[in-house]
1. Applying 1/(1 + (r/R0)^6) with R0 = 41 Å to the Cβ-Cβ distance of Lys120 and Lys144, what FRET efficiency is obtained, to the nearest 0.05?
2. If one computes the Cα centroid of the range 139-159 and of the range 1-72, what distance in Å separates the two points?
3. Which trypsin sites (Lys or Arg not before Pro) does the range 49-109 hold that lie in a coil by DSSP with at most 13 other beta carbons within 10 Å?
4. Rounding to the nearest 10 and keeping the result within 0 to 90°, find how far the Cα-based axis of helix 41-53 lies from the longest principal axis of the chain.
5. Extent of the range 80-159 along each principal axis, from alpha carbon coordinates, in Å, largest to smallest?
6. Take the residue pairs Lys71/Lys120; Lys85/Lys106; Lys85/Lys145; Lys71/Lys106; Lys85/Lys144 and return only those whose Cα atoms are more than 31 Å apart.
7. How many percent of DSSP beta bridges within the range 21-159 run antiparallel, rounded to 5?
8. Under a 5 Å amide H to amide H cut-off, with H placed in plane at 1.01 Å, what residues pair with Val131 once short-range neighbours are removed?
Amino acid sequence: MELRIGQGYDVHALAEGLPMWLGGVRIPSETGFVAHSDGDVAIHALCDALLGARAMGDIGHLFPDTSDEWKDIDSKILLDIVTRKVCEGGWTICNADITIALQAPKVAPYIGTMRETLAKVMGITADRVSVKATTTEKLGFVGKKEGCEVWAIVLMQRL
Ligand code: MG
């Protein structure tokens with residue numbers, strides 16, 4: 001059995017009046033993420049972790065923000081494309097672990113839905129997808145509500 005681990009990291013700025021998509025879920029908020037896509041910073045970090053596990057580059061390379069094709073796109077579509085790509089050649093996703101740093105709004109009520117949503121897109125069960133959330137105790141750009149930071153780790157295997 002072969003194992004591969006990958007990590008991903010992403011940041012998006014927050015601005016008023018934009019929809020907030022996080023972990024594939026629409027979260028009621030007065031602010032949302034500034035981005036070329038729907039700005040789902042959690043999915044972007046997850047995609048980079050998946051691509052990292054297979055040494056297949058990153059989502060900026062795969063879905064350039066200079067291309068109109070990906071403008072305002074639902075990031076779940078990007079995750080679906082990335083999942084198919086990294087699973088080529090008999091690879092499967094063992095698990096994913098995601099940490100979201102956001103000062104507000106509170107992410108906790110949406111974690112269950114995020115796990116279900118992300119697992120469904122990746123074709124695995126929700127018990128293999130962990131989503132954790134933290135504030136930064138009002139420190140730094142996250143604490144000042146200027147942006148959101150996400151880390152993701154993925155393990156893949158081939159039997
Ligand atoms: Mg991004």
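1. Approximately 0.75, to the nearest 0.05.
2. So the separation of the two Cα centres works out to 10 Å.
3. Within the range 49-109, the qualifying trypsin sites (Lys or Arg not before Pro) (loop, at most 13 other Cβ atoms within 10 Å) are Lys71, Lys106.
4. 20
5. That works out to 45, 21, 19 Å along the principal axes.
6. The answer is Lys85/Lys106; Lys85/Lys145; Lys85/Lys144.
7. 65
8. The answer is Ile98.
Just so you know, all these numbers are worked out from the coordinates, no wet-lab data involved. Note that the structure is predicted; figures quoted are calculated from it, not measured. Because the Cβ atoms are built from the backbone with ideal geometry, glycine has one as well, and the counts that use them run over all protein chains shown.
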